Amino acid sequence: MMAAFNFLSYGMQDIYVKLFLGHQLHFNHSQMVNAGLIFNAGAVIGGVLFGYLSEKIGRRYAIIGACAIVLITLWPWSHGTTFATIAIATFFMQIGAQGLGASCRCI
């Protein structure tokens with residue numbers, strides 16, 4: 001399970017910006033950098049928030065909550081075409097993705 005969460009997290013951070021935003025959507029360099037900054041802020045928030053939640057409500061419920069966020073934001077994250085849609089979707093996608101990792105690590 002943790003391997004799947006790592007594929008989600010690292011694929012999103014490493015491949016998403018250059019291949020999807022750059023090559024497929026033809027975003028310019030500043031748009032890709034700004035999207036990266038926005039989703040990294042979401043990653044920090046997600047890691048802290050779900051690490052805390054996993055201690056308070058339990059790992060299972062924290063993982064379910066983080067998975068729900070990922071599933072809700074999956075469509076706009078993968079099919080968005082405007083910068084605003086992509087920025088909002090990547091922010092929440094990273095909250096969920098890093099929340100999954102943080103929830104599993106809090107043992």
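The values are calculated or read from the model by the stated rules, or taken from the named source; none is laboratory data. All of these numbers come straight from a predicted model, not from anything done at the bench. Note that each Cβ is placed from the backbone with ideal geometry, even for glycine, and that neighbours are counted across all protein chains shown. For accessibility, only protein heavy atoms count, side chains too; no ligands or nucleic acids. Shrake-Rupley method; radii C 1.70, N 1.55, O 1.52, S 1.80 Å.
With respect to the numbered conditions (1) aliphatic (A, V, I, L, M); (2) farther than 21 Å from Gly11 by Cα; (3) modelled with pLDDT under 90, which one is the sole condition not fulfilled by Leu100?
For Leu100, the exception is condition (2).
Looking at region 1-20, which of its residues are over 16 Å from Asn34 (Cα atoms), in contact (Cβ under 8 Å) with a residue 24 or more places away in the chain and open to solvent by less than 30 Å² (accessible area, probe 1.4 Å)?
If the condition is that a residue be over 16 Å from Asn34 (Cα atoms), in contact (Cβ under 8 Å) with a residue 24 or more places away in the chain and open to solvent by less than 30 Å² (accessible area, probe 1.4 Å), then Phe5, Ser9 are the ones that fit.
Just to be sure, is Ser9 of a type in the set (Ser, Thr, Tyr) and under 16 Å from Ala89 (Cα atoms)?
So Ser9 passes the test.
Which of the helices (runs of 4 or more DSSP H) found entirely inside region 16-107 contain at least 3 residues meeting this: touching a Cys at 6+ places or on another chain (Cβ under 7 Å)?
29-57
In region 30-41, how many are farther than 12 Å from Phe83 by Cα and either in contact with a strand residue (DSSP E or B) (Cβ under 9 Å, 6 or more places away or on another chain) or free of Cβ contacts under 8 Å to residues at least 12 places away in the same chain (or both)?
Final tally of qualifying residues: 1.
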